[in-house]
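Q: Let me begin by handing over the structure; questions about it come next.
Where a number appears in this text, it was derived from the coordinates with a stated rule and is not lab data. Predicted model only: the values in this text are computed from it and were never measured. Cβ coordinates were reconstructed from backbone atoms using ideal geometry, including for glycine residues, and neighbour counts include every protein chain displayed.
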Amino acid sequence: MNSQYAALLNDNFEHFPTEIPKGIVKRVLEGAVTVDDASELLKCDPGVIFKFADILKASLVGNSVSYIVNRNITFSDNCTGTCTFCAFKGHKGFRMSVDEIVRSAAGAVQTGATEVCIQGGLMDDMYLEDYCTILRSLKSRFPKLHIHAFSPMEVFHMSQNSDTSIGDALTTLKKNGLDTMPGTAAEILSDRVRREICPDKLTSSQWLNVVETAHRTGIPTTATMMYGHIETMTERIQHILTIRDIQIRTGGFTEFVPLPFMPYNNPLGNRLMAEGYFATTGVEDLIMHALARILLYPYVKNIQASWVKLGKKMAQYALFCGANDLGGTLMEESISKSAGAANGEYMPPEEFLWIIRGAGRDPVQRDTLYRQIVTG
């Protein structure tokens with residue numbers, strides 16, 4: 001049990017909402033909450049859930065809210081994938097050269113970025129060595145720049161293309177400069193759902209294998225969940241608890257990021273909208289951030305609210321619902337925008353400070369591993 005809350009547990013739960021059964025509170029504090037517990041929690045008024053999540057958040061990070069100065073570099077929209085939720089594939093028909101990737105990173109470094117996040121489409125002529133060339137080119141020019149790159153799907157794809165194991169591919173990537181990985185391509189870790197929305201993507205067990213192997217190799221990752229399409233609430237809960245169980249085994253997740261499905265400009269969204277479903281509601285999004293905080297407590301310390309997906313004002317309110325991080329400046333974000341996100345491609349550090357202070361929180365600039373960066 002988290003030592004910071006052992007005293008509260010012994011104090012007859014008086015700091016927690018009385019609407020939540022004490023048995024559930026106890027199991028949350030012990031990191032042993034179940035699917036049934038989560039389902040019972042969802043019967044509570046949203047305000048109760050938000051309050052509970054906010055208390056848990058405060059026990060881990062206090063009043064601080066973090067952000068990172070970074071840049072997204074999406075090096076190609078060419079992709080062999082058939083994901084029905086994608087609005088990005090072939091959107092502009094581009095592929096950056098290594099020199100162009102380096103120039104993009106140089107611009108980020110000049111503006112104070114500490115991280116570049118690099119991802120691209122799946123291509124038949126991209127091999128492990130091609131990804132390593134990108135890494136070596138960046139590290140030779142910017143040895144202190146943190147490279148957060150290549151989703152589990154990309155790692156799976158490059159290992160298949162190069163006829164090598166996942167473990168050998170990750171070891172090689174790390175030796176060539178990979179620092180951390182984005183935990184994207186998770187979507188919903190339900191093969192029932194994946195067979196319909198991304199039938200050619202790696203399976204749930206394959207995603208888990210890539211991520212756990214990365215952690216054992218010394219490569220931390222984020223974790224994500226794309227929700228709000230054809231999955232059930234139980235499948236969302238099971239997804240989050242799967243992330244918790246991995247974290248218990250490896251400790252390799254730096255953060256969890258709930259990502260609402262963007263239903264515009266893609267086949268899956270077109271189908272759902274034709275059936276009268278348009279998108280998640282704001283309350284639903286806030287509940288998912290709060291639920292993530294509760295189910296992942298105390299193992300995953302950081303819950304990120306994506307300002308690109310939620311919008312700046314909704315992301316700010318998520319800071320009262322268990323979230324403690326707003327992500328990055330990005331400087332270039334085209335995947336969400338192509339799917340209908342209307343919140344821009346860049347937010348300057350000054351605006352992060354404005355939003356965080358406006359919520360009565362203490363802003364902290366961080367690096368990828370959530371270490372505070374002292375500025376000025």
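Q: Going by alpha carbons, how many degrees (0 to 90, nearest 10) lie between the helix axis of 349-358 and the longest principal axis of the chain?
A: 10 degrees
Q: Now, a different point. Rounded to a whole number, what is D in µm²/s for the stretch 142-225 from Stokes-Einstein with the Kirkwood radius over alpha-carbon pairs (25 °C, 0.890 mPa s)?
A: 188 µm²/s
Q: Given a 10 angstrom Cα cut-off, can you work out which residue in ALA32, ALA315, ALA292 is the most mobile in a GNM of the chain?
A: Result: ALA32 has the largest fluctuation of those listed.
Q: Still on this structure, I have one more. Over 30 Å between C-alpha atoms is what I'm after, so list which of LYS43/LYS89; LYS89/LYS301; LYS89/LYS312 land there.
A: Where the Cα-Cα span goes over 30 Å, the pairs concerned are LYS43/LYS89; LYS89/LYS301.
Q: Suppose we flag GluC sites (Glu not before Pro) only when DSSP calls them loop and at most 14 other Cβ atoms lie within 10 Å. Which is the longest uninterrupted stretch of the chain?
A: 31-274
Q: May I ask which residue of HIS146, GLY120, LEU178 lies farthest towards the positive end of the charge dipole of the chain, with charges of +1 (Lys, Arg) and -1 (Asp, Glu) on Cβ and the Cα centre as origin?
A: The residue sitting most towards the positive pole is HIS146.
Q: The chain: Rg/Rh from Cα coordinates, Kirkwood Rh? Kindly include the intermediate steps, with their values, before the conclusion.
A: Working: Rg = 20.1 Å, Rh = 21.1 Å.
Expressed as Rg/Rh, it is 0.95.
Q: Sum up the charges of everything whose Cβ sits under 13 Å from the Cβ of ALA38, counting Lys and Arg as +1 and Asp and Glu as -1, but leave ALA38 out.
A: Result for the neighbourhood of ALA38: +1.
Q: Right, another one. Using only Cα atoms, find the angle between the long axis of helix 204-217 and the longest principal axis of the chain, and express it within 0 to 90 degrees, rounded to the nearest 10.
A: Helix 204-217 sits at roughly 80 degrees to that axis.
Q: Show the residues, 5+ positions off or on another chain, whose built amide H is closer than 5 Å to the amide H of GLY328.
A: ILE68
Q: So which residue, out of ARG136, ARG195, ARG71, gets the largest mean-square fluctuation from a GNM of the chain using Cα contacts under 10 Å as springs?
A: Result: ARG195 has the largest fluctuation of those listed.
Q: Still on this structure: Could you check the simple spin-label distance between TRP354 and ARG195, using points 7 Å along Cα→Cβ, in nm with one decimal?
A: Reported label-point gap for TRP354 and ARG195 is 5.0 nm.
Q: Apply the Karplus parameterisation 6.51 cos²θ - 1.76 cosθ + 1.60, with θ equal to phi minus 60°, to every residue of the stretch 295-303 and state each ³J(HN,Hα) to the nearest whole Hz, in sequence, with x for glycine and proline.
A: Each residue of the stretch 295-303 in turn: 6, 8, 5, x, 6, 9, 6, 10, 10 Hz.
Q: Tell me, in nm to one decimal, what length is gained between LEU42 and THR18 on full extension, where the rule is 0.36 nm per residue of separation less the Cα-Cα distance?
A: Taking LEU42 through THR18 to full extension adds about 7.2 nm, to one decimal.
Q: Quick one: Debye curve from the C-alpha atoms of the stretch 53-127, no solvent, what's log10 I(q)/I(0) at q = 0.23, 0.24, 0.26 Å⁻¹?
A: So the normalised log intensities are -1.00, -1.05, -1.15.
Q: Moving on to the next point. Which net charge results for the neighbourhood of PRO363, defined as the other residues with beta-carbon distances under 13 angstrom from its beta-carbon, given Lys and Arg at +1 and Asp and Glu at -1?
A: -1
Q: Between the helical axis of 46-61 and the dominant principal axis of the chain, each derived from Cα atoms, what acute angle in degrees is found, rounded to the nearest 10?
A: In the chain, helix 46-61 runs at an angle near 70 degrees to the longest axis.
Q: Compute the signed sum of charges (Lys and Arg +1, Asp and Glu -1) over the other residues within less than 13 Å, Cβ to Cβ, of LEU272.
A: Details: positive: ARG271; negative: GLU196, GLU231, GLU275.
Charge balance near LEU272 sits at -2.
Q: Do you know the relative contact order of the stretch 114-195, to the nearest whole percent, from alpha carbon pairs under 8 angstrom that are 6+ apart?
A: This gives 37 percent for the stretch 114-195.
Q: Still on this model: Sequence gap at least 6, Cα distance under 8 Å: using those rules, report the relative contact order of the stretch 46-365 to the nearest whole percent.
A: 25 percent
Q: Ok, one more. From the phi angles alone, apply the Karplus equation (6.51, -1.76, 1.60; θ = phi - 60°) to the stretch 106-123 and give each ³J(HN,Hα) in whole Hz, x where the residue is Gly or Pro.
A: Along the stretch 106-123, the couplings run 4, x, 5, 4, 4, 9, x, 5, 9, 9, 10, 10, 10, 8, x, x, 8, 10 Hz.
Q: Then there is this: Counting only helical runs of four or more DSSP H residues, what would the 222 nm mean residue ellipticity of the chain come to if each run contributes -39,500 (n - 2.57) and the total is spread over all its residues?
A: -13500 deg cm²/dmol
Q: Given Cβ point charges of +1 (Lys, Arg) and -1 (Asp, Glu) and nothing else, what value in debye, to the nearest 20, does the dipole of the chain about its Cα centre take?
A: Charge dipole of the chain: 560 debye, to the nearest 20.
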